[in-house]
1. Scan B:Glu122, B:Glu64, B:Glu75 and give me the residue that is open to solvent by 60 Å² or more (accessible area, probe 1.4 Å), more than 14 Å from chain A (Cβ to nearest Cβ) and in a strand (DSSP E or B).
2. When A:Cys64 is evaluated against the numbered criteria (1) more than 9 Å from chain B (Cβ to nearest Cβ); (2) modelled with pLDDT under 95; (3) buried (at least 19 other Cβ atoms within 10 Å of the Cβ), which criterion, by number, is the only one it fails?
3. Say whether the condition of being in contact with a helix residue (DSSP H, G or I) (Cβ under 8 Å, 6 or more places away or on another chain), closer than 19 Å to A:Phe97 by Cα and modelled with pLDDT of 95 or more is met by at least one residue in region A:17-25.
4. Quick check on my filter: what residues within region A:63-79 are of a type in the set (A, V, I, L, M), in a helix (DSSP H, G or I) and touching a Ser or Thr at 6+ places or on another chain (Cβ under 9 Å)?
5. Give the residues of region B:11-25 that are assigned to a helix (DSSP H, G or I) and surrounded by fewer than 19 Cβ atoms within 10 Å (Cβ to Cβ), sorted by residue number.
6. State the number of residues belonging to region A:80-109 that are within 11 Å of chain B (Cβ to nearest Cβ), open to solvent by 40 Å² or more (accessible area, probe 1.4 Å) and outside any helix (DSSP H, G or I).
7. Please state which of the following conditions B:Leu135 fails to meet, knowing it meets all the rest: (1) within 16 Å of B:Val11 (Cβ to Cβ); (2) open to solvent by 20 Å² or more (accessible area, probe 1.4 Å).
8. Which one is most open to solvent (accessible area, probe 1.4 Å) among residues in region A:67-79 that are in contact with a strand residue (DSSP E or B) (Cβ under 7 Å, 6 or more places away or on another chain) and more than 14 Å from chain B (Cβ to nearest Cβ)?
Amino acid sequence: MAISKREVDGVSIVDVTGKIVLDNSHELRSAVRELVEAGKKKILLNLEGVTYVDSSGLGEIVSCYSTAQRQEGKLKLEKLQPKLQDLLTITRLLEVFETFREEAEAVKSFA
Amino acid sequence: MDRIAFIDSVVRKVAIEMGFSEDDAQDIELAAHEAVVNAIRHGAPIGGDASDPPPLVDVRIAVEHELDVPVLIIEIRDRGAGFAPEAVPSPLHGEGLLRPTGRGLYLMRRLMDDVTYSAHPEGGTVVRLRKRRHLS
């Protein structure tokens with residue numbers, strides 16, 4: 001898994017590529033925790049490049065959400081691949097997360 | 001993690017060779033992955049410690065036929081003390097929804113046709129995953 005961060009209009013975007021699985025999923029939570037500790041309250045996970053997520057990976061995405069929420073921040077998701085969209089649906093996590101297909105729309109939603 | 005990735009790839013390859021759709025093959029791969037991860041994480045013999053080698057996990061892949069329909073069977077055996085799947089809280093409701101763990105068993109049940117658990121006569125638990133190749 002590779003993670004990079006950037007900022008667009010005050011929104012911290014975390015670009016994730018590769019697999020989010022048992023062995024590496026804590027890296028995503030660490031990246032989000034760093035942002036939250038730096039006072040960032042608008043966080044967007046760009047999951048376009050995520051090819052595979054297991055239950056640990058889903059759990060870490062949930063942990064990221066909870067980490068942001070505890071500091072009164074918001075965490076949203078963008079550009080989900082169809083399989084990840086399916087997994088979020090069957091685990092009812094799609095009811096928890098706001099998800100977007102386009103980044104511009106996602107960034108605007110934090111306003 | 002390498003041996004888990006290896007098992008993932010073998011399961012996926014078998015599913016594709018059997019004629020499962022790409023979508024179904026991904027589902028089967030993930031279900032098997034979850035079962036293997038659980039076996040490694042929770043299936044160590046009692047009394048061990050962190051310095052012990054990784055627990056032994058057996059994976060068996062078989063193809064059966066039901067009225068000419070191919071059925072993929074994957075059995076994963078651990079050496080642990082056993083567990084009660086019905087005691088694992090649902091990840092779909094209340095506090096379970098935002099828990100960081102606890103979705104593996106549920107995903108297995110949703111992605112496969114059948115999931116059963118049994119005690120191996122020589123110790124440990126056998127998880128049996130089953131999926132019929134649906135006609136496209």
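1. On the way: B:Glu122 fails: in a strand (DSSP E or B); B:Glu75 fails: open to solvent by 60 Å² or more (accessible area, probe 1.4 Å).
From the options B:Glu122, B:Glu64, B:Glu75, the qualifying one is B:Glu64.
2. Here A:Cys64 meets the rest and fails (2).
3. no
4. Step one: filter region A:63-79 for residues of a type in the set (A, V, I, L, M), giving A:68, A:75, A:77.
Now narrow it down to the ones that are in a helix (DSSP H, G or I): A:68.
The answer is none; no residue qualifies.
5. To start, the set of residues in region B:11-25 that are assigned to a helix (DSSP H, G or I) comprises B:11-17, B:22-25.
Hits for region B:11-25 are B:Lys13, B:Ile16, B:Glu17, B:Glu22, B:Asp23.
6. 2
7. B:Leu135 satisfies every listed condition except (1).
8. Going through region A:67-79, the residues in contact with a strand residue (DSSP E or B) (Cβ under 7 Å, 6 or more places away or on another chain) turn out to be A:68, A:73-79.
Within this subset, residues satisfying the condition of being more than 14 Å from chain B (Cβ to nearest Cβ) are A:73-74, A:76-79.
Working: A:Gly73: 13, A:Lys74: 117, A:Lys76: 6, A:Leu77: 0, A:Glu78: 0, A:Lys79: 55 Å².
By that ranking, first place goes to A:Lys74.
The values are calculated or read from the model by the stated rules, or taken from the named source; none is laboratory data. Quick caveat: nothing in here was measured; it's all calculated off a predicted structure. With ideal geometry, Cβ positions are generated from the backbone for all residues, glycine too; neighbour counts draw on all protein chains shown. Quick note on the areas: whole protein, heavy atoms, side chains included, nothing else; ligands and nucleic acids left out. Shrake-Rupley method; radii C 1.70, N 1.55, O 1.52, S 1.80 Å.
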